[in-house]
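The values are calculated or read from the model by the stated rules, or taken from the named source; none is laboratory data. Owing to the predicted nature of the structure, the values given are computational and were not obtained by experimental measurement. Cβ placement follows ideal geometry from the backbone for every residue including glycine, while neighbour counts extend to all protein chains displayed.
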Amino acid sequence: MNISQKRNGLIPGLFIITILYFFLPFISIIFALAAFLCMAIPFIILTTKKKNLWCRHYCPRASFTSVIGRKKGNYKKTPKMFNDGYLRKLLLTYFTMNLIFITGSTIQVALGNMASMPYIRLFIAIPLFPLPQLYDITISQWLLHLSYRLYSMMLSSTLLGVWFALRYRGRAWCAVCPVGTLLKKIPTRENI
Ligand code: SF4
């Protein structure tokens with residue numbers, strides 16, 4: 001496991017961060033707000049270091065899917081839509097819409113115009129259940145809503161990444177990842 005991650009450039013063991021991200025919200029859903037860090041850090045690194053070090057070495061999600069994905073020599077060819085930009089555009093649109101919905105609905109909850117949705121909802125449309133909470137910290141409704149929406153978005157995209165990893169190869173998700181797509185749009189000295 002570690003050898004393959006060293007070979008693909010990722011620092012070994014970072015997959016633990018992904019696992020922690022999905023388990024800490026069982027203590028309190030407020031931990032789901034760490035999604036903001038996951039979204040901001042790649043861009044901070046890129047703009048300060050002028051290199052996409054995140055995708056090369058530090059991405060916990062790529063580490064996670066690498067660990068569970070098909071191993072080298074057992075790769076399955078990805079469909080054309082992974083390489084012709086179709087799926088990349090589709091997922092970027094989905095990601096953007098998701099962020100707009102999250103922002104808009106959180107503002108509406110904060111203004112008292114709608115009730116919060118304190119449960120997981122996969123792919124914007126599939127309502128599931130609230131997480132059991134080890135510590136039931138009292139937080140405002142909009143924060144509760146925002147935490148669940150971010151957790152749902154991260155879970156939905158990770159499930160897709162896991163599916164691609166099991167079906168094709170460990171880092172198949174990287175070919176269409178919205179964060180990776182946006183990182184590539186920022187001019188740097190070099191891009192992966
Ligand atoms: S493309 Fe996405 S999943 Fe892959 S390393 Fe970059 S940020 Fe992580």
Practice item. Assess whether T103 counts as being of a type in the set (S, T, Y) and modelled with pLDDT under 95. Key: no
Check your understanding: Among the residues of the range 140-173 satisfying the criterion of being within 11 Å of the chain's Cα centre (by Cα) and near the ligand (Cβ under 10 Å from one of its atoms), which is surrounded by the most Cβ atoms within 10 Å (Cβ to Cβ)?
Key -> W173
Exercise for review: Working carefully through the options I29, I11, I17, find the one that is touching a residue at least 24 places away in the same chain (Cβ under 8 Å) and farther than 24 Å from L150 by Cα.
Suggested key: I11
Exercise for review: Pull up the range 138-192, narrow it to residues that are assigned to a loop (DSSP other than H, G, I, E, B) and of a type in the set (A, V, I, L, M, F, W, C), then point me to the one that is modelled with the lowest pLDDT.
Suggested key: I192
Check your understanding: Taking into account only those residues within the range 48-102 that are over 20 Å from the mean Cα position of the chain (by Cα) and assigned to a helix (DSSP H, G or I), which is nearest to the ligand (Cβ to nearest atom)?
Key -> K49
Exercise for review: Give the residue, chosen from I120, I137, that is under 24 Å from L20 (Cα atoms), surrounded by 14 or more Cβ atoms within 10 Å (Cβ to Cβ) and β-branched (V, I, T).
Suggested key: I120
Point to revise | Some residue of the range 125-137 being under 29 Å from T181 (Cβ atoms) and touching a Lys or Arg at 6+ places or on another chain (Cβ under 8 Å) | key: yes
Check your understanding: Can I107 be described as out of contact with any Asp or Glu (no Cβ under 6 Å at 6 or more places or on another chain), surrounded by fewer than 17 Cβ atoms within 10 Å (Cβ to Cβ) and of a type in the set (A, V, I, L, M)?
Key -> yes
Exercise for review: Please verify whether the range 6-14 includes one or more residues that are out of contact with any Lys or Arg (no Cβ under 7 Å at 6 or more places or on another chain), of a type in the set (V, I, T), within 13 Å of the ligand (Cβ to nearest atom) and modelled with pLDDT under 95.
Suggested key: yes
